[in-house]
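The values are calculated or read from the model by the stated rules, or taken from the named source; none is laboratory data. Source: prediction; values computed, not measured. As a convention, Cβ positions derive from the backbone with ideal geometry for all residues, glycine included, and neighbour counts pool all protein chains shown.
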Amino acid sequence: MNFTNMANEVKNSKHRMLIVGTGSIGERHLRCYLATGRAEPGICEIDAQLRNAVADRYQVKSQFGDVQEALTESWDVVLVASPAHTHIPIAVKACQSGCNVIIEKPLSTSLDGIEQLRQLIAQKNLIAAVSYQLRSSPLVQEMKAALDSGRFGKPLQLYMTSGQNFAYYRPAYRDTYFADHRTGGGGIQDSITHMLNLAEWLVGPMTRISVDASHQKLAGVTVEDTVHILARHDTVMASYALNMYQHANHGQLTVVCEDGTVQFEASADRWRFMTEPDGKWHESVHRLEGRDAMYIRNADVMLDVLERKYAPLCSLEDALQTLRVNLAALRSAATHSWQDIS
Ligand SMILES: NC(=O)c1ccc[n+]([C@@H]2O[C@H](COP(=O)([O-])OP(=O)(O)OC[C@H]3O[C@@H](n4cnc5c(N)ncnc54)[C@H](O)[C@@H]3O)[C@@H](O)[C@H]2O)c1
C-alpha cells in the first residue's frame with residue numbers, strides 16, 4: 001500500500017458510524033474520525049452524564065444509552081470502544097443488524113462468541129477490523145515491507161523493550177477496566193498485547209510462550225504492571241520486557257535477520273536497519289505532531305478499509321490469534337509454565 005497516494009485520494013461521502021463507549025479511547029476516536037471529515041458519528045454510552053458531556057463537546061446529534069436501541073437506526077459501521085469483555089456481544093448485535101464492525105483491542109477476554117461473530121461476518125459479507133493501531137503507522141508499514149522483501153534474509157530473533165508512565169497518561173486507571181483481568185485489565189491484555197500483535201505481523205504467529213509477570217508499582221491495583229516474556233514464533237526466538245511506571249517513554253522492537261538488523265523505535269518516531277557489522281544505521285523518520293495524529297491516520301486507514309480499498313490491517317483472524325497469545329500469557333504467568341498457543 002502506498003500511503004502518499006492514499007493521503008491524496010479523493011474523500012468519499014461520510015460514513016454513518018456508531019461509537020459504542022465514549023470513555024478515554026471512544027472520545028478520542030470520536031474526535032479523530034470527525035477530524036477526517038469522512039465520518040458522521042453517533043454515540044452510545046451507558047453513563048448518561050458522560051454521554052451528555054461528550055455529545056455537547058462535539059455537537060453529536062444521535063446519542064443513545066443502549067446498543068439495541070441505537071441499532072434501530074441505520075449505521076454503516078459500529079466502532080466498539082467499550083471494555084474488552086463487552087466487545088464480542090456488542091459486535092455480534094451490530095453484525096446481526098447488518099453493520100460492519102471496528103473493534104478495539106484486545107478482541108476479547110475469552111473465546112466465547114467469536115465463532116458466532118465469524119459466521120455472521122461471513123454470511124452477511126461484512127467487514128471486521130480490529131484496532132491494533134500500530135499497524136497503521138507509516139514506520140511500521142515501511143519496516144514490514146522491507147522485512148517482507150527478503151532483503152535482510154530470514155528473521156532469526158526478535159526482542160522488544162517498552163515502558164511508560166501509565167498513571168501519568170491514564171490517571172483514572174484504578175477505576176476502569178484496567179483494574180481487573182476479567183474486564184481486559186493488566187499489562188498483558190491492555191499493554192504488551194500491542195507489541196505481541198505487531199511482532200506477529202512482522203515475523204509470523206507466536207507458537208509458544210513463557211511469562212513472568214508481577215505487580216510492582218501501580219497504586220490501587222493488583223494486576224501485573226511488569227511483564228517479561230520468552231517466546232517462539234515458530235523458528236524465531238523472541239523476548240519482550242514491559243513496565244507501566246518508568247518515567248521515560250520507551251518502545252523499541254528489533255528483528256535480527258540473517259543479513260541485517262531491523263529496528264522500530266516508537267519513542268524516536270523511526271525505523272532503521274544495519275547490514276554490516278558495526279556499520280551505519282540507515283534510518284527513516286516520520287514525526288506525527290500530537291497524540292491525536294496517529295489516531296487520525298488510523299481513522300483514515302479504517303475508512304479506506306470500509307470503502308473496500310484494501311483488507312483490514314488487523315483482521316478478526318489476526319486479532320483472534322493475538323487473543324490466544326494473551327490467554328496463553330495469562331495461563332503461563334499463573335502457572336509458571338511454558339504454554340503452547342492454541
Ligand atoms: N488502541 C488504543 O490505543 C487503546 C487505548 C486505550 C484503550 N483501548 C481499548 O479500548 C477499550 C476501552 O478503553 P477505554 O480506555 O476507553 O476505557 P474507559 O473505561 O475509559 O471507557 C469505556 C467506556 O465504555 C462504556 N461502556 C461500557 N459498557 C458499555 C456498553 N455496553 N454500551 C455502551 N457503553 C459502554 C463505559 O461507561 C465507559 O465510558 C478497551 O478495550 C481498551 O483496551 C485501546
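Worth a mention:
- Residues that are under 21 Å from the mean Cα position of the chain (by Cα) and surrounded by fewer than 21 Cβ atoms within 10 Å (Cβ to Cβ) were ranked within region 71-85; the one that is nearest to Asp47 (Cα to Cα) is Pro83.
- Any chance Leu117 is of a type in the set (A, V, I, L, M) and more than 18 Å from the chain's Cα centre (by Cα): yes
- Residue satisfying all of: in region 15-29; farther than 10 Å from Glu40 by Cα and part of a strand (DSSP E or B); nearest to the ligand (Cβ to nearest atom) among these: Val20
Conditions tested, residue by residue: (1) within 12 Å of Leu313 (Cβ to Cβ); (2) assigned by TED's automatic domain parsing to the domain that holds Leu198; (3) among the hydroxyl-bearing types (Ser, Thr, Tyr).
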{"position": "Pro106", "(1), (2), (3)": "no, no, no"}
{"position": "Thr109", "(1), (2), (3)": "no, no, yes"}
{"position": "Glu115", "(1), (2), (3)": "no, no, no"}
{"position": "Arg118", "(1), (2), (3)": "no, no, no"}
{"position": "Ile121", "(1), (2), (3)": "no, no, no"}
{"position": "Lys124", "(1), (2), (3)": "no, no, no"}
{"position": "Ala129", "(1), (2), (3)": "yes, no, no"}
{"position": "Val140", "(1), (2), (3)": "yes, yes, no"}
{"position": "Met143", "(1), (2), (3)": "no, yes, no"}
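- Selection status of Leu34, within 11 Å of Met17 (Cα to Cα), within 21 Å of the chain's Cα centre (by Cα) and within 11 Å of the ligand (Cβ to nearest atom): no
- Strands (runs of 3 or more DSSP E) wholly inside region 208-307 that include at least 2 residues being outside the structural domain of Ile192 (by TED's automatic domain parsing) and closer than 25 Å to Glu27 by Cα: none
- Residue match in region 220-240 (condition: exposed (fewer than 15 other Cβ atoms within 10 Å of the Cβ) and under 30 Å from Pro171 (Cβ atoms)): yes
- In region 71-126, the residues that are among the β-branched types (Val, Ile, Thr) and either in contact with a Cys (Cβ under 9 Å, 6 or more places away or on another chain) or in a helix (DSSP H, G or I) (or both): Val77, Val78, Thr86, Ile88, Ile90, Val92, Val101, Ile114, Ile121
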